[in-house]
1. What tally of residues in region 186-223 results from selecting those that are surrounded by 14 or more Cβ atoms within 10 Å (Cβ to Cβ) and at pLDDT 85 or above?
2. Condition (residue is touching a strand residue (DSSP E or B) at 6+ places or on another chain (Cβ under 9 Å), surrounded by fewer than 20 Cβ atoms within 10 Å (Cβ to Cβ) and over 27 Å from residue 232 (Cβ atoms)) applied to region 302-325: is it met by at least one residue?
3. Considering region 233-261 alone, what residues qualify as being within 27 Å of residue 300 (Cα to Cα), touching a helix residue (DSSP H, G or I) at 6+ places or on another chain (Cβ under 9 Å) and assigned to a helix (DSSP H, G or I)?
4. Filtering region 214-251 down to residues that are without any contact (Cβ under 8 Å) to a residue 24 or more places away in the chain and within 30 Å of residue 69 (Cβ to Cβ), which residue is farthest from the chain's Cα centre (by Cα)?
5. Taking region 193-220, which residues are in contact with a strand residue (DSSP E or B) (Cβ under 8 Å, 6 or more places away or on another chain) and assigned to a loop (DSSP other than H, G, I, E, B)?
6. Using the structure shown, decide if residue 278 is more than 19 Å from the chain's Cα centre (by Cα), more than 23 Å from residue 57 (Cα to Cα) and in a helix (DSSP H, G or I).
7. Going by the conditions given, is residue 314 over 26 Å from residue 224 (Cβ atoms), without any contact (Cβ under 8 Å) to a residue 12 or more places away in the chain and under 26 Å from the mean Cα position of the chain (by Cα)?
8. Touching a strand residue (DSSP E or B) at 6+ places or on another chain (Cβ under 6 Å) and exposed (fewer than 15 other Cβ atoms within 10 Å of the Cβ), is that true of residue 232?
């Protein structure tokens with residue numbers, strides 16, 4: 001497949017992809033599918049490498065590339081070619097897979113699996129810890145994505161990076177933040193203390209005679225109800241629900257979103273869910289010590305999902321229109 005690059009007065013470059021050849025979206029799909037298949041094979045061959053985050057990150061990138069590519073095909077359905085805007089520094093050339101690079105890609109995965117299998121007895125017991133072996137294991141789990149860099153030369157990666165910068169950043173967000181249980185479990189000894197202290201300080205404004213007991217699971221003692229804050233109360237379920245719902249909205253509206261604002265809204269939304277979780281626990285403390293102890297004990301688990309869903313919907317109502325590009329925002333007014 002060849003890419004013919006021509007300069008324009010507005011300093012933009014058009015990549016003309018003739019009908020019958022691979023388009024940039026199709027080529028990107030092949031790269032991503034090869035990455036997904038190789039990563040899954042690595043994890044099957046060496047269980048030490050198992051982590052769902054790299055797989056979900058690649059799947060997310062595939063879905064977003066499909067959404068973006070699908071929209072372009074719809075807009076150009078009557079033409080014989082597909083145009084993709086790129087920066088002028090991309091240069092001319094062709095996209096293809098060389099046998100040498102495919103071999104390097106395969107060899108890199110074989111070496112990675114071999115290293116993981118040889119060191120599994122030393123690394124497996126330390127997985128998830130803050131020790132040196134724990135960090136090495138975490139690095140190995142993420143490194144299943146690195147051999148993909150060998151499939152193309154640097155100038156071709158620049159073209160794909162210019163074309164799919166937003167999709168790539170979104171995949172990185174999924175890779176490092178989309179499964180918060182690992183992060184919150186790691187920081188719980190510190191985060192749990194901060195959460196318990198803040199809930200106690202807020203609750204005692206409405207309930208007198210309360211005391212606070214620190215520890216790995218802080219406890220707030222009240223006149224009618226004692227509330228112990230466990231790891232399950234850290235807001236993990238709320239953040240996971242936010243992740244799934246936010247990802248669903250982003251996938252549906254990807255071609256209409258302002259990518260920078262969307263990424264900022266994601267992190268602000270995670271913070272909003274954590275703040276909301278603190279208010280949720282404080283409400284249990286206050287209501288439980290104001291005559292509703294039985295109701296709190298009976299419904300606090302099921303009420304959590306309803307509460308987090310309401311928080312998400314409220315946050316979406318406040319931010320959704322600001323996330324859309326101006327033309328799309330005008331159409332929904």
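The values are calculated or read from the model by the stated rules, or taken from the named source; none is laboratory data. These numbers were taken from a predicted model, which means no experiment stands behind them. Cβ sites come from the backbone with ideal geometry, for glycine too, and all protein chains shown count toward neighbours.
1. The total comes to 23.
2. Checked region 302-325: at least one residue is touching a strand residue (DSSP E or B) at 6+ places or on another chain (Cβ under 9 Å), surrounded by fewer than 20 Cβ atoms within 10 Å (Cβ to Cβ) and over 27 Å from residue 232 (Cβ atoms).
3. 233, 236, 237, 238, 239, 240, 241, 242, 243, 245, 246, 247
4. Result: 248.
5. 210, 217, 218
6. Criteria met by residue 278.
7. Taking the combined requirement at face value, the residue satisfies it.
8. Considered against the rule, which asks whether it is touching a strand residue (DSSP E or B) at 6+ places or on another chain (Cβ under 6 Å) and exposed (fewer than 15 other Cβ atoms within 10 Å of the Cβ), residue 232 comes out as no.
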